[in-house]
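K.L.:
Once you've had a glance at the structure underneath, I'll fire off some questions.
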Amino acid sequence: MSRSTKLFETYKLGPITLANRFVMAPLTRNRAVPGTFVPGALAADYYSQRASAGLLITEASQVSQQGQGYQDTPGIYSKEQVAGWRKVTDKVHERGGKIFIQLWHVGRISHVDLQANGAAPVAPSAIRAKGKTFVNGGFADVSEPRALELSEIPGIIDDFKRATKNALEAGFDGVEIHGANGYLLEQFAKDGTNKRTDAYGGSIENRARLMLEVSKAVVAEAGADRTGIRISPVTPANDISDSNPQALYDHIVDGLSALKLVYLHVVEGATGGPRDVAPFDYASLRKRFSGAYVANNGYDFDLASKVLDANAADLIAFGKPFISNPDLVERLKQGAALNDWDKNTFYGGGAKGYTDYPSLAAEPAE
């Protein structure tokens with residue numbers, strides 16, 4: 001049984017054509033090689049199994065050691081990491097897939113044990129987040145951060161620029177800037193975490209500055225048509241908040257649209273939680289942005305189809321369903337049952353709960 005919906009239509013995203021409007025959302029899996037943070041041996045299998053999605057976005061990958069906040073997440077700052085990612089992109093491309101890497105700096109959501117010489121994590125202001133990170137095989141409170149000096153900010157921008165150059169060298173079709181979920185760029189943008197009094201604090205324009213400067217630097221390296229960004233206007237993730245998110249994000253999206261980014265990936269509501277956590281007009285962002293709008297958070301087949309039909313989004317990003325259903329596209333096309341995911345194997349470990357979820361073709365006939 002085939003179901004009619006825009007979900008299965010091709011979509012032209014800048015210079016590439018996506019086979020359908022499914023996006024595999026970035027999903028942290030904590031399976032990189034400890035110490036070198038090179039993508040693990042199974043990463044190429046994991047992503048290529050899911051290559052039938054129109055676009056794959058990798059797990060968040062730190063742009064520097066300072067940008068790491070959790071155990072065994074992959075980086076994109078060393079030659080070894082570039083070589084490791086190359087195996088992933090080659091295998092995805094062999095299967096006809098398209099893949100972007102998500103570029104990450106966690107800011108204050110880190111732990112001294114992950115930082116060089118046990119240094120404090122960095123943030124716009126020295127305010128500790130209420131929350132945990134995963135380190136040394138278990139959950140621990142995040143460490144007290146220090147405020148970045150004004151003189152250090154160009155170095156952060158350079159880290160994103162270098163990571164972009166590395167990503168292209170590794171064969172990625174493009175990059176997604178991580179501007180969401182309470183990490184560094186969002187920490188600067190939102191007034192709950194940014195108490196600075198210099199050019200990067202105070203007004204909406206000043207707080208939005210770092211996200212837009214990073215975007216401009218990435219675009220200069222990759223081209224606007226290979227650069228996307230992810231934002232989460234009202235998520236409370238990682239103890240983040242803003243007093244006026246609509247005005248803030250209307251301004252940010254105007255700036256991103258002026259840079260001609262190829263897509264805007266929006267976590268609608270609370271990351272991995274209720275979509276209606278706070279009032280917000282996402283249509284305002286859609287209207288302001290010239291590129292593709294990627295909608296995310298709690299989408300199923302019916303909501304995805306409805307939103308595409310209403311022209312309220314161009315692409316739909318699915319997260320957890322892709323963990324347990326490598327062939328999610330085919331299953332939804334046929335109206336087949338979905339595999340349930342196992343939360344216990346989301347973070348860390350090996351093949352179990354990573355590359356061993358069955359696809360329809362691999363299941364015995366009834």
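The values are calculated or read from the model by the stated rules, or taken from the named source; none is laboratory data. Model, not experiment: these values are computed from the prediction. When we count neighbours, we look across all protein chains shown, and the Cβ atoms used for this are built from the backbone with ideal geometry, even at glycine. With ligands, DNA and RNA removed, areas are computed over all heavy atoms of the protein, side chains included. Shrake-Rupley method; radii C 1.70, N 1.55, O 1.52, S 1.80 Å.
K.L.:
Filter segment 1-26 down to the residues that are surrounded by 17 or more Cβ atoms within 10 Å (Cβ to Cβ), assigned to a loop (DSSP other than H, G, I, E, B) and under 21 Å from the mean Cα position of the chain (by Cα) and list them by number.
P.N.:
GLY14, ALA19, ASN20, ARG21, ALA25, PRO26
K.L.:
Test ALA83 against the stated conditions and say whether it is farther than 18 Å from GLU186 by Cβ and either surrounded by fewer than 22 Cβ atoms within 10 Å (Cβ to Cβ) or of a type in the set (Ser, Thr, Tyr) (or both). Before the answer, list the steps.
P.N.:
Details: farther than 18 Å from GLU186 by Cβ: yes; either surrounded by fewer than 22 Cβ atoms within 10 Å (Cβ to Cβ) or of a type in the set (Ser, Thr, Tyr) (or both): yes.
Considered against the rule, which asks whether it is farther than 18 Å from GLU186 by Cβ and either surrounded by fewer than 22 Cβ atoms within 10 Å (Cβ to Cβ) or of a type in the set (Ser, Thr, Tyr) (or both), ALA83 comes out as yes.
K.L.:
If I filter segment 285-307 down to residues being among the small types (Gly, Ala, Ser) and open to solvent by 10 Å² or more (accessible area, probe 1.4 Å), which single residue comes out as nearest to VAL234 (Cα to Cα)? Explain how you work it out, then say what you get.
P.N.:
Keep residues of segment 285-307 that are among the small types (Gly, Ala, Ser), which gives 290-292, 295, 298, 304-305.
If we keep only those that are open to solvent by 10 Å² or more (accessible area, probe 1.4 Å) as well, we get 290-291, 298, 305.
Values: SER290: 22, GLY291: 21, GLY298: 15, SER305: 24 Å.
Across segment 285-307, the extreme among qualifying residues is GLY298.
K.L.:
Looking at segment 86-105, which of its residues are under 20 Å from GLU186 (Cα atoms) and among the polar types (S, T, N, Q)?
P.N.:
GLN102
K.L.:
Right, something else. Kindly indicate the residue of segment 338-366 that is of a type outside the set (D, E, K, R) and open to solvent by 80 Å² or more (accessible area, probe 1.4 Å) and also nearest to LEU18 (Cα to Cα) among those meeting that condition. Spell out how you get there, then give the answer.
P.N.:
Restricting attention to segment 338-366, the residues satisfying the condition of being of a type outside the set (D, E, K, R) are 338-339, 341, 344-351, 353-355, 357-362, 364-365.
Next, from what is left, pick out any that are open to solvent by 80 Å² or more (accessible area, probe 1.4 Å): 341, 344, 347, 361, 364-365.
Numbers: TRP341: 26, ASN344: 32, TYR347: 29, ALA361: 23, PRO364: 30, ALA365: 31 Å.
Taking the candidates together, the pick is ALA361.
K.L.:
Can you tell me which of GLY137, GLY96, GLY118, GLY131 is in contact (Cβ under 8 Å) with a residue 60 or more places away in the chain, touching a helix residue (DSSP H, G or I) at 6+ places or on another chain (Cβ under 8 Å) and at positive phi?
P.N.:
Numbers: GLY137 fails: touching a helix residue (DSSP H, G or I) at 6+ places or on another chain (Cβ under 8 Å); GLY96 fails: touching a helix residue (DSSP H, G or I) at 6+ places or on another chain (Cβ under 8 Å); GLY118 fails: in contact (Cβ under 8 Å) with a residue 60 or more places away in the chain.
That would be GLY131, the only listed residue that is in contact (Cβ under 8 Å) with a residue 60 or more places away in the chain, touching a helix residue (DSSP H, G or I) at 6+ places or on another chain (Cβ under 8 Å) and at positive phi.
K.L.:
Could you list, in sequence order, the residues of segment 184-206 that are of a type in the set (Gly, Ala, Ser) and not in a helix (DSSP H, G or I)? I'd like the intermediate steps shown before the answer.
P.N.:
So the first thing to find is which residues in segment 184-206 are of a type in the set (Gly, Ala, Ser), and the list is 189, 192, 199, 201-203.
Once the filter is applied, which keeps residues that are of a type in the set (Gly, Ala, Ser) and not in a helix (DSSP H, G or I), segment 184-206 yields GLY192, ALA199, GLY201, GLY202, SER203.
K.L.:
Write out, first by first residue and then by second, each pair whose Cβ atoms fall under 8 Å of each other, whose residues are 6+ apart or on separate chains, and whose first residue, in segment 256-275, is farther than 18 Å from PRO245 by Cα and among the β-branched types (Val, Ile, Thr) while the second is open to solvent by 10 Å² or more (accessible area, probe 1.4 Å) and assigned to a loop (DSSP other than H, G, I, E, B).
P.N.:
Partner pairs satisfying both residue conditions: VAL262/GLY14; VAL262/GLY291.
K.L.:
Related question: Checking the structure you have, find out if any residue of segment 348-359 is within 27 Å of ALA180 (Cα to Cα), out of contact with any His (no Cβ under 7 Å at 6 or more places or on another chain) and either among the charged types (D, E, K, R) or in a helix (DSSP H, G or I) (or both).
P.N.:
No, segment 348-359 contains no residue that is within 27 Å of ALA180 (Cα to Cα), out of contact with any His (no Cβ under 7 Å at 6 or more places or on another chain) and either among the charged types (D, E, K, R) or in a helix (DSSP H, G or I) (or both).
K.L.:
Still on this structure, I have one more. Pull up segment 253-271, narrow it to residues that are assigned to a loop (DSSP other than H, G, I, E, B) and touching a Lys or Arg at 6+ places or on another chain (Cβ under 8 Å), then point me to the one that is farthest from ASN181 (Cα to Cα). Show your work before the answer.
P.N.:
So in segment 253-271, the residues assigned to a loop (DSSP other than H, G, I, E, B) come out as 259-262, 268-271.
Okay, now just the ones that are also touching a Lys or Arg at 6+ places or on another chain (Cβ under 8 Å), so 259, 262, 268-269.
Details: LEU259: 22, VAL262: 21, GLU268: 11, GLY269: 11 Å.
Result: LEU259.
K.L.:
Look at LEU261 and say whether it is closer than 24 Å to ILE101 by Cα, surrounded by 21 or more Cβ atoms within 10 Å (Cβ to Cβ), touching a strand residue (DSSP E or B) at 6+ places or on another chain (Cβ under 7 Å) and hydrophobic (A, V, I, L, M, F, W, C). Talk me through it step by step, then tell me what you get.
P.N.:
Numbers: closer than 24 Å to ILE101 by Cα: yes; surrounded by 21 or more Cβ atoms within 10 Å (Cβ to Cβ): yes; touching a strand residue (DSSP E or B) at 6+ places or on another chain (Cβ under 7 Å): yes; hydrophobic (A, V, I, L, M, F, W, C): yes.
Taking the combined requirement at face value, the residue satisfies it.
K.L.:
Just one of (1) of a type outside the set (A, V, I, L, M, F, W, C); (2) at pLDDT 95 or above; (3) closer than 27 Å to TRP85 by Cβ trips up ASN136, so point out which.
P.N.:
The one condition ASN136 does not meet is (2).
K.L.:
Residues that are over 20 Å from the mean Cα position of the chain (by Cα): find the helices (runs of 4 or more DSSP H) completely inside segment 278-336 holding 2 or more of those.
P.N.:
By residue number, 282-288, 301-309, 328-334.
K.L.:
Still on this structure, please answer the following. All but one of (1) open to solvent by less than 10 Å² (accessible area, probe 1.4 Å); (2) within 13 Å of PHE22 (Cα to Cα) hold for ILE323, so report the exception by its number.
P.N.:
(2)
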